[in-house]
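Have a look at the structure below before the remarks.
The values are calculated or read from the model by the stated rules, or taken from the named source; none is laboratory data. As the structure is a computational prediction, the values presented were derived from the model and not from experiment. Methodologically, a virtual Cβ is constructed for each residue, glycine included, from the backbone with ideal geometry; neighbour enumeration extends over all protein chains shown.
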Amino acid sequence: MAQDPRPELDESSDFDMVTLFSSANHDGEMEATSIHSMLQANGIPSVVVGPSVIPSLDFQVQVPQAYAEEAERILQEAREAGPEAAAEAEAASEEE
């Protein structure tokens with residue numbers, strides 16, 4: 001008998017995607033992309049979900065459930081630090 005070539009499926013809920021951010025605002029796609037980039041830079045896998053051809057629908061950033069708490073913390077810290085901190089971090093990264 002031939003063995004099944006498919007890998008074993010992990011059925012844990014750790015990989016279920018949860019919504020971290022959602023917006024139907026005119027700048028929702030831009031904000032979702034910024035959040036996605038910030039999470040990726042911190043080693044948190046995420047995806048942007050949303051149809052750029054139908055801008056009236058929500059754009060979302062989703063992360064695996066296992067990373068949800070850390071992603072929430074990083075997003076909250078970034079919001080508290082404000083845009084000035086983002087500009088400083090970008091300038092510092094360009095100096096390296």
Problem - So Ala81, is it surrounded by 15 or more Cβ atoms within 10 Å (Cβ to Cβ) and at pLDDT 75 or above - result: no
Practice task
Please indicate, with yes or no, whether at least one residue in segment 37-49 is under 18 Å from Ala78 (Cα atoms), among the hydroxyl-bearing types (Ser, Thr, Tyr) and more than 10 Å from the chain's Cα centre (by Cα).
Solution key: no
